[in-house]
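Here's the structure, in structure tokens; my notes come after.
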Amino acid sequence: MTDQAANGHRGDDTGPGQSPPWAGRREFLRGTGLSAFGAMLGMAVPFGANMPAGLIPAALAQDTGLDLMTGKNGLIVLGDRPLNAETPAHLLDDDVTPYDRLFIRMNGLVPQSALDASAEGWTLTVDGEVENPLELTIDELKSRFENVTRRLVLECGGNGRAFFNPGASGNQWTTGAVGCPEWTGVRLADVLREAGVRDGAVYTAHYGNDVHLSGDPEKEVISRGVPIEKAMQDDGLIAWAMNGAPIPALHGFPLRLVIPGYPGSVSQKYLTRIRIRDQVHDGAKMTGYSYRLPAYPVAPGTEVPESDMVVMTEMPVKSLITFPQTGADVAAGQATEVRGHAWAGNGDVAAMHVSVDFGQTWQEARLEPPANRFAWQRWRAEVNLPVAGYYEVWARATDMNGVSQPSTTPGWNPRGYGNNMQHRIALIAA
Ligand SMILES: Nc1nc2c(c(=O)[nH]1)N[C@H]1C(S)=C(S)[C@@H](COP(=O)(O)O)O[C@H]1N2
Ligand SMILES: [Mo]
């Protein structure tokens, strides 16, 4: 058994020789056949006799993932296996990103336990370089540690990949692999303190129960981690609720990590185990070119040897224009409100500016403090487009170290991570 299969979801009825939980629908169909399927649908299946044996009716199949998009609103699907979808900027205007607007990043398939919303017997194991290994039920997590609610930005490390030139393989995220829901859970640091992290601890390792695209339960989908110093900060949560409701299937039901400031990939969904390691974690998507950057700046297109790649940590400062929608008509010679959000991987954003003259001059926007550390910050500005014509609004956030978003793609890298170039929209003044 792999590390990930050995833990979590204790007490389900999946014994040896039985079908794995994710095969549930298939087994059901094999066992009951076409007539039962017709009965379930409440209608006849006129060409049913032609259905190849073992075919999963599309109405029941989750294999493409697309049926999981019900309840999402206006997202752009980048791929359906695994399911990946991003949110157009103007749909991210809410201070707290609602479920229907939150991007989806799956590396594998949603586990059956999440599809069934079944958390029965779920446990979280904390082991490795700790004095007291823990195995906690969700109720124990809730009762033994302080419960906290935080707005935390979740952004995929590959957000903005589509703008790199030459391009990089992977999901062609533009600007929408980011959101800021409100999460409820316990502090990761509190749980690790309870487990008693040993002096030799170097890194965390995260495991979930989602299913590899091959369907092979032995294969790890993704298992990333963070330096122990990052894990011991108060910001990271082990969460069971998003926006006041149980975490939805696509976003990690019943338990997930949310470790803000780092690439979204460290925020393990379907969390079953946290192992403390005495070395940098080497799980799936920690090694090679995955979520790694060249140790030094390289010219676009450079072939970088694997040995020169280092793990990506803090996400760069960034912002979005969420209102108006790009292409909007506005009145010339009058004040027009422009607004959005800004965030940074190293804490609060220090300043926000906008330009309507292609970066020639910048005006300072009003920047609100975050609801809590690592929540995105609302900014607003009134711009004046003097005469009729085509304009662009460019938005530029500056972090606490005085580092600002570049107007063109920053540090090219082989897999296209960390693109924080300024967001821009078109406005037509009349
Ligand atoms: N178990 C599991 N956790 C995961 C992933 C995954 O595929 N499986 N994807 C990661 C990546 S790359 C990102 S960007 C975020 C996306 O979270 P979301 O789908 O809830 O928006 O989850 C992370 N956690
Ligand atoms: Mo990601």
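Table for the structure above
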item	result
Label-point separation, MET43 to VAL310 (7 Å along Cα→Cβ), nm	5.9
Where the Cα pairs of the range 92-190 fall when distances are cut into 10 Å bins, in %	12, 28, 36, 19, 5, 0
Radius of gyration and maximum dimension Dmax of the range 318-429, Cα, Å	14.2, 45
For q = 0.07 Å⁻¹, Debye-computed log10 I/I(0) when each Cα of the chain counts as one equal scatterer	-0.38
Those residues of the range 263-305 whose amide nitrogen sits under 15 Å from the label point placed on LYS219, 7 Å along Cα→Cβ	284-285
Rule-of-thumb Rg ratio for the range 241-350 [Cα; 2.2 N^0.38 Å; N residues]	1.50
Zone of GLN233's modelled label, taken as backbone nitrogen in the range 311-327 under 15 Å from a point 7 Å along Cα→Cβ	312-318
Virtual spin-label span in nm between ASP100 and THR408, 7 Å along Cα→Cβ	4.1
Peptide ranges 123-129, 142-148 listed from the most packed, as the mean C-beta count within 10 angstrom indicates	123-129, 142-148
Antiparallel DSSP beta bridges within the chain, as percent of all bridges there, nearest 5	90
Relative contact order (%) - criterion: Cα under 8 Å, at least six apart; region: the range 318-429	34
Modelled FRET efficiency - R0 35 Å, ASP282 with GLU131, Cβ distances, 0.05 increments	0.90
Computed E for ASP329/THR361 - FRET, C-beta separation, R0 22 angstrom, nearest 0.05	0.40
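Throughout, read-outs are computed from the coordinates displayed, never taken from laboratory work. Quick caveat, the model's predicted, so the values are computed rather than measured. We place every Cβ from the backbone using ideal geometry, glycine too, and count neighbours over all the protein chains shown.
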